[in-house]
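*Asks:* The structure follows.
Just so you know, all these numbers are worked out from the coordinates, no wet-lab data involved. Since the structure is predicted, the reported quantities are computational estimates derived from the model, not experimental observations. Neighbour counts run over all protein chains shown; Cβ positions are idealised from the backbone, glycine included.
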Amino acid sequence: MNVSFSLNYLQKPFFIIFNVTHFSFNQTFTLPPFFHLFLVRFMALKLPQNSLLGSQSDSQRTLYPYVTGTSVVALKYKDRILMAADMGGKIDGPVHMRYKSVERMKPIGKHSLLGASGEISDFQEILRYLNELILYDNMWDDGNSLGPKEVHNYLTRVMYNRRNKFNPLWNSLVLGGVKNGNKYLGTVSMIGVNFKDNHVATGFGNHLAQPILRQEWHENLSFEDGVKLLEKCMRVLLYCDRSAVNKLQIAKITEEGVTIHQPYSLKTYWEFSTFENPAQGAIGSW
Amino acid sequence: MFRNQYDTDVTTWSPAGRLFQVEYAMEAVKQGSAAIGLRSKTHVVLGCVNKANSELSSHQKKIFEVDDHIGVAIAGLTADGRVLSRYMRNECINYSFTYESPLPVGRLVVQLADKAQVCTQRSWKRPYGVGLLVAGLDESGAHLYYNCPSGNYFEYQAFAIGSRSQAAKTYLERRFENFTGSSRDDLVKDAIMAIRETLQGETLKSSICTIAVVGAGEPFHVLDQGTVQQIIDTFETAAEQEDPATEPDAATGQEAAAEQGTAADHGGSTDEGAAPMDI
């Protein structure tokens, strides 16, 4: 592999251009500051092709997410589960683009619902794994079926194993479901951390939505109260999370099955006096 | 079973459409010492007759715990049974690790049956010479399955395999309709009584039989000798009182039929002391 690089000292970050003749494509990577110094020493080492951190095999494993979804928030209420996620898929890069109809919550089998934040293509891969799992489960045709607990633990195994190979599925997953009257809500992160709780959130939801849920969640929420609580969380996320899109879906899981409602928008309020006249308190500044 | 020209190989059919090697493997099961199983809605009980090589040795282990909710009793080549138990334990523990949930018995049984079928269709293999009574609990209730060397499996309310099992089967056939609603203790008693049938007059002691139970809220475990002896004592004394009353009339007719059945079963040895043919 022929590697040549030039360094452009343009503020931060540093740009390095690889000319990889073996694959004949040009790709620009954005690297954190001073990373190029490490890279120079690294290149001089002449590592074998198959080494875990070798540059060629880098293209075979996940390094960064490209199209990401933002937070998912979910809570238990009465005998069921409610989950909410917006429909945005954001591309990070010089041009900020968004997909605005990405369904980030999907039903799994008869009993479960999976919501994901993070890399959308990895979410689709996970759905493929789960489809196969559910298919084989159905093929037994014996009255037994995989419930939310089983799916959650299967996902934990998958995520943890991928993390061990330094090739993670770049997602934070929320798995909720009801089976035989028992409700179940759990989460798995991209490094395989998993736990169950009465209310969970991913990404920014952990910082913005969970405090609200900790204050206001209680055991016997009704459906309307649950939705109101979720909307409150999603509204805060909409205001404060740059990746959020004002088009969200609410999903409900009961013993009977999964319902994902039609997407809708939240009402927002922007008539704050400081927005209307931002320079009011700072005459002469910009 | 006579020797003929189609029985050398497991992959050779006979003109009548039979695989003799597989049938001979099932004979091995019939020669092993008895094992019985019965189930109610919530519990399953397994029992077996202990077989010892000589007075000096300990008896062979014929009941294996596969998981908290599954156990198996074997009859036939105990070595084959041990290997299959290890396979079952492996499957259960792998499933448990991945899904944090117990493996449904029905699925384990099918996997076992498929494994046995492979051995009936490879020229370099031989069928497993062991019959397995798999007892387990899952979401849909208590189950008892019988896996045979041919790769078939059946679900039973109650069953007995091994030598002199016909006597036990007859006893169970009389009673099986009541088993669904039986309490756990009644089920254990029925199991011990069924074992007694296979002993054909030999005194029933807890050292001769092994009993294991699995049920709702009760993980699979083998009952210890003391408990078993207590249960035996309770109905031995009851039986002594009953004997002169009505038992003889009903019993003798049955016993005669049962004896004829078992005599045909394994060539007529009713002499308890010998039994060298049993594995």
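*Asks:* Once the Cβ-Cβ distance between B:R82 and A:T259 is put in as r, and R0 is 56 Å, what FRET efficiency do you end up with, to the nearest 0.05?
*Replies:* Efficiency computed from Cβ-Cβ geometry: 0.65.
*Asks:* Next up: Taking 7 Å along the Cα-to-C-beta vector as the label spot, tell me the A:E276-B:S14 distance in nanometres, rounded to one decimal.
*Replies:* Result for the modelled spin labels: 10.0 nm.
*Asks:* Given axes a ≥ b ≥ c from the Cα gyration tensor, I'd like to know whether segment B:97-187 is rounded (a/c under 1.5), prolate (a/b larger than b/c) or oblate.
*Replies:* Because a/c hits 1.5 or more and a/b fails to exceed b/c, segment B:97-187 counts as oblate.
*Asks:* Please work out whether segment B:6-53 counts as rounded, prolate or oblate from its C-alpha gyration tensor, where a ≥ b ≥ c are the square roots of the eigenvalues and a/c under 1.5 means rounded, while otherwise a/b larger than b/c means prolate and anything else oblate?
*Replies:* It comes out oblate by the Cα gyration axes.
*Asks:* Count the lysine pairs in segment B:20-223 whose Cα atoms sit under 18 Å apart, keeping only pairs 8 or more residues apart in sequence or on different chains.
*Replies:* 13
*Asks:* Could you work out, residue by residue across B:139-145, how many beta carbons of other chains sit within 10 Å of that residue's beta carbon, and then give the average as an integer?
*Replies:* 1
*Asks:* For B:F64, what is the net charge nearby, where nearby means another residue's Cβ is under 11 Å from its Cβ and Lys, Arg count +1, Asp, Glu -1?
*Replies:* With Lys, Arg at +1 and Asp, Glu at -1, the net is +3.
*Asks:* On to the next question. Could you please rank B:S57, B:S33, B:S150, placing first whichever residue has the fewest other Cβ atoms within 10 Å of its Cβ?
*Replies:* B:S57, B:S150, B:S33
*Asks:* What's the FRET efficiency of B:S57 with B:T98 using the Cβ-Cβ distance as r and R₀ = 30 Å, to the nearest 0.05?
*Replies:* Computed FRET efficiency for B:S57 and B:T98 comes out at 0.15.
*Asks:* So, R0 is 22 Å and r is the distance between the beta-carbons of B:S207 and B:T237; what FRET efficiency does that work out to, to 0.05?
*Replies:* 0.70
*Asks:* What ranking of A:S243, B:S163, A:S145 emerges when the number of other C-beta atoms within 10 Å of each C-beta is taken as an exposure proxy, fewest first?
*Replies:* Arranged by neighbour count, lowest to highest, A:S243, B:S163, A:S145 become A:S145, A:S243, B:S163.
*Asks:* Ranking B:E155, B:E65 by Cβ neighbours within 10 Å, fewest first, what do you get?
*Replies:* On the way: B:E155 14, B:E65 17.
Starting with the residue having the fewest Cβ neighbours, the order is B:E155, B:E65.
*Asks:* Treating the beta-carbon of each Lys and Arg as +1 and of each Asp and Glu as -1, no other charges, what is the dipole magnitude of segment B:20-223 about its Cα centre, to the nearest 20 debye?
*Replies:* About 560 debye.
*Asks:* Would you mind classifying segment A:93-226 by shape? Square roots of the alpha carbon gyration tensor eigenvalues, ordered a ≥ b ≥ c; an a/c under 1.5 is rounded, otherwise it is prolate if a/b is larger than b/c and oblate if not.
*Replies:* Values: a/c = 1.64, a/b = 1.05, b/c = 1.56.
Oblate, because a/c is 1.5 or more while a/b does not exceed b/c.
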